[in-house]
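Derivation of every value follows stated rules applied to the coordinates shown; laboratory data play no part. Computed from a predicted structure; not experimentally measured. Don't worry about glycine lacking a Cβ; one is built from the backbone with ideal geometry, like all the others, and counts go over all protein chains shown.
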Amino acid sequence: MSLLNYTLRIADSSLILAQRISGWCSKGPTLEEDIALSNIALDLFGQANGFLEYASKLDGNKTPDQLAFNRNEREFFNLQITEQENGNFADTIVRQFFFSTYSFLFYTELSKSTDETLAALSVKSLKEVKYHLQHSKSWMLRLGDGTEESKQKTQDALQYFWQFTGELFEMDEVDIEMSKSGIGVGNSELKTNWDKMVNEVINQSTLERPVDAYMQTGSKKGLHTECLGHLLSEMQYLPRAYPNAKW
Amino acid sequence: MNEQKFQEKIDLERKIEPKDWMPEEYRSHLIRQISQHAHSEIIGMQPEGNWISRAPSLRAKMILLAKVQDEAGHGLYLYSACETLGISREELVQQLHDGKAKYSSIFNYPTLSWADMGAVGWLVDGAAIVNQVSLQRTSYGPYSRGMVKICKEESFHQRQGYEIMAEMAKGTPEQKEMAQDALNRFWWPSIMMFGPQDSDSPRTGNAMKWKIKRQFNDELRQKFIDQTVGQVKVIGLEIPDPDLKWNEERGHYDFGKMNWDEFWSVVNGNGPCNIQRLDHHKKAHSEGEWVRKAARSYSNKQEIINA
Ligand SMILES: [Fe+2]
Ligand SMILES: [Fe+2]
């Protein structure tokens, strides 16, 4: 049961962020960037699909699609940062940068999992996440050290998304159990490296690291910000409206 | 002299390359045609983009997103091909925004149900392929090579669209109704994608002589109809044309009268989504302005540092 829950958390973060990023399609600041963002979304949908297939096997009852399209808000365990709206391009980049830095560290550890499926899925995800991290880093530099306007927008985005970074390193009883048994990752131990990597890019981008203040929490218990309900009602509309249909 | 050599080359089926001499009219005809084609790929992202967030399965979502992303790639190739004729992408986008350049009118129709993702992939990409296969033999090298690349991806799009339609046609009664409704709405605009009947098409003359265009609109349209009728039958839907029937003598399907008044009215701005599509593009472009500026400013600074 813990393993299923643990797998769903990973799957949900990829799925929800992919759904968000795919909203950029046809709206990118350049054609090249439109394509790059769709690539990231496609990678994340692919990752979500892999983890959901495993979750479906563990569950023994629901298909991957049912897991994606038939669960309610309180049954989703994605990190709250992933459900936040796209905002402007700087918001999307900062969200991606925080999350990809975290994912990079997380999958590096999870690749060593004693659970073979999780390990294999992580190896594959890690390859893609390296590219996502590279992409968001290069934009952090360009936006931070670009114009006054881009600097301000990026600083504002750092400020906004900071409150969602506490969750990345939280550990509840499921995490502790998974970590102890060698299946999962000790998330709290990722923080030192995450701070180091994030500080380095923030400095290079001539931006300022926000001061730690109130941190959001709750996704491990299925508690979310108001953003998620709207995202799900759109994403799940067809399978919910036509429960007997196959597509 | 130049002109004669140019024509000889064309008659020998040699490709014209960017550095070769070409009549100004050939150049401007190509710019108009290739840019219209590029804009169509880009504006065409919107009607399908409209359903990415609501695709009904993970697989459907990935296929659709990858498809729309392909169209962005097609737009890129074509803008690059057009740039070889001495005009920049920014100028081309400006022409689009000013209403001086057109895009295919089919994208001014709304996508109202998931079945429309089937209809668009199957019929709109299907019609585009018939046209583009013919354009693989166009006389301008970069355009011709672009078409070869693009055609490979388009045939995937068409198959995927047909698959959606087939799945819905054999699904619940509601799904079948959606499928038929999508076919009803997209059939006529799709067959009008090939452009006016040749008897009414004033520009065909030089385009044929210069082998920019290789086949007549009516020929291409007939080819598309002939190949699609069978596909419709297989999945048990009906083409919304009571006059459609096999003509043994011609070896082709006869079909009903197209509504050219509607066609021209949509081309000239009065379609259901004309304003929306252009506004969407303008908005994305202007919201991206500060990002492009930041990227330019950053790369200028880097150049100074590295100098
Ligand atoms: Fe295309
Ligand atoms: Fe296509």
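The modelled label-to-label distance between B:GLU8 and B:GLU219, using points 7 Å beyond Cα along the C-beta direction, is 2.6 nm.
Would the range B:191-257 count as rounded, prolate or oblate if I go by the C-alpha gyration tensor, calling it rounded below 1.5 in a/c and otherwise prolate when a/b exceeds b/c, oblate otherwise? Intermediate results must be reported in sequence, preceding the final value.
Working: a/c = 2.37, a/b = 2.29, b/c = 1.04.
In terms of gyration-tensor shape, prolate.
Sequence-ordered 3J(HN,Hα) estimates for the range B:15-28 from the Karplus curve with 6.51, -1.76 and 1.60 and θ = phi - 60° stand at 7, 8, 10, x, 7, 5, 5, 8, x, 3, 5, 5, 4, 6 Hz, glycine and proline given as x.
Counting only aspartates and glutamates at least 8 places from B:LYS19 when in the same chain, those with an alpha carbon closer than 16 Å to its own are B:GLU3, B:GLU83. Sequence-ordered 3J(HN,Hα) estimates for the range B:34-40 from the Karplus curve with 6.51, -1.76 and 1.60 and θ = phi - 60° stand at 5, 5, 4, 5, 4, 4, 5 Hz, glycine and proline given as x. When only the Cβ of Lys, Arg, Asp and Glu is charged (+1, +1, -1, -1), the dipole of the protein assembly as shown relative to its Cα centre reaches about 940 debye.
Over the protein assembly as shown, what number does the Rg to Rh ratio reach, with both radii from the alpha-carbon atoms and Rh per Kirkwood? Don't jump to the answer; show the numbers that get you there.
On the way: Rg = 26.2 Å, Rh = 25.7 Å.
Ratio value, two decimals: 1.02.
Positive-end ranking of B:GLN158, B:ALA55, B:THR84 along the dipole of the protein assembly as shown, with charges on Cβ about the Cα centre, is headed by B:THR84. Dipole magnitude for chain B: computed about the Cα centre from +1 point charges on Lys and Arg Cβ and -1 point charges on Asp and Glu Cβ, it is near 940 debye.
Taking the radius of gyration and the Kirkwood hydrodynamic radius from Cα positions alone, what is the Rg/Rh ratio for chain B, to two decimal places? Provide the component values of the computation, followed by the final result.
Working: Rg = 20.8 Å, Rh = 20.9 Å.
Taking Rg over the Kirkwood Rh, I get 1.00.
For B:TYR140, the residues whose modelled amide H falls within less than 5 Å of its own, excluding neighbours fewer than 5 places apart on the same chain, are B:ILE16.
Taking the radius of gyration and the Kirkwood hydrodynamic radius from Cα positions alone, what is the Rg/Rh ratio for the range B:150-286, to two decimal places?
Numbers: Rg = 17.5 Å, Rh = 17.5 Å.
Here Rg/Rh amounts to 1.00.
Calculated on the alpha-carbon coordinates, the convex hull of the range A:2-241 measures out at 114 cubic angstrom per residue.
Among B:SER297, B:SER265, B:SER199, the residue with the largest mean-square fluctuation in a Gaussian network model of chain B, with springs joining Cα atoms closer than 10 Å, is B:SER297. The distance between label points at A:GLN66 and B:ARG292 comes to 4.9 nm (points 7 Å beyond Cα on the Cα→Cβ vector).
Which length gain, in nm to one decimal place, applies between A:LYS57 and A:GLU149 when the Cα-Cα distance is subtracted from 0.36 nm times their residue separation?
Values: separation 92, 0.36 × 92 = 33.12 nm, distance 4.88 nm.
In short, 28.2 nm is gained.
Taking Lys and Arg as +1 and Asp and Glu as -1, the other residues whose beta-carbon sits under 10 Å from that of B:GLN175 total 0. Using Cα centres only, tell me the gap between the range A:206-247 and the range B:67-110 in whole Å. If you average the Cα positions of each part, the centres end up 35 Å apart. Evaluated with a Cβ-only charge set (Lys, Arg +1; Asp, Glu -1), the range A:2-241 carries a dipole of roughly 300 debye about its Cα centre, given to the nearest 20. Residues in the range A:67-74 carry Karplus couplings, in order, of 5, 6, 10, 10, 8, 8, 3, 6 Hz; the curve used is 6.51 cos²θ - 1.76 cosθ + 1.60 with θ = phi - 60°, and Gly or Pro positions show x.
In this structure, B:TRP21 and B:SER199 have a Cβ-Cβ separation that, at R0 = 30 Å, corresponds to a calculated FRET efficiency of about 0.35. Between A:ASN86, A:ASN49, A:ASN193, the GNM of chain A built on Cα springs shorter than 10 angstrom shows A:ASN193 fluctuating the most. The GNM of chain B, with springs linking C-alpha atoms under 10 angstrom apart, assigns the highest mean-square fluctuation among B:SER201, B:SER113, B:SER190 to B:SER201. Is the range A:97-217 best put as rounded, prolate or oblate by its Cα gyration tensor, with a ≥ b ≥ c the root eigenvalues, rounded for a/c under 1.5, and otherwise prolate when a/b is larger than b/c, oblate when not? Oblate.
Of A:LYS246/B:LYS170; A:LYS221/B:LYS61; A:LYS246/B:LYS61; A:LYS27/A:LYS151; A:LYS130/A:LYS153; B:LYS9/B:LYS209, which sit over 18 Å apart, Cα to Cα? All intermediate terms of the calculation are to be shown ahead of the outcome.
Working: A:LYS246/B:LYS170 10 Å; A:LYS221/B:LYS61 28 Å; A:LYS246/B:LYS61 14 Å; A:LYS27/A:LYS151 21 Å; A:LYS130/A:LYS153 25 Å; B:LYS9/B:LYS209 12 Å.
The pairs that break the limit, which is 18 Å between Cα atoms, are A:LYS221/B:LYS61; A:LYS27/A:LYS151; A:LYS130/A:LYS153.
Near A:TYR54, within a Cβ-to-Cβ distance under 15 Å, what is the net charge of the other residues, with Lys and Arg +1 and Asp and Glu -1? Once positives and negatives cancel, what remains is -2.
Ranking A:THR92, A:LEU143, A:ASN70 by how far each Cα lies toward the positive end of the dipole of chain A (charges on Cβ) leaves A:ASN70 at the top. Against the compact-protein benchmark of 2.2 N^0.38 Å, the Cα-based radius of gyration of the range A:5-121 scales to 1.09.
For the range B:2-144, the Stokes-Einstein estimate of translational diffusion at 37 °C and a viscosity of 0.692 mPa s comes to 197 µm²/s, using the Kirkwood hydrodynamic radius over alpha-carbon pairs.
I want the local charge near A:THR206. Using Cβ-Cβ distances under 9 Å, sum +1 for each Lys or Arg and -1 for each Asp or Glu among the other residues.
Numbers: positive: A:LYS151; negative: A:ASP145, A:GLU208.
Net charge in that neighbourhood comes out at -1.
Considering only B:TYR109, B:VAL130, B:ILE304, and ranking their Cα positions along the charge dipole of chain B that arises from unit charges at the beta-carbon of Lys, Arg, Asp and Glu, the one farthest toward the positive end is B:ILE304. Taking amide H as placed 1.01 Å from N in the peptide plane, B:HIS252 has its amide H under 5 Å from the amide H of B:ASN247, each at least 5 places away in sequence or on another chain.
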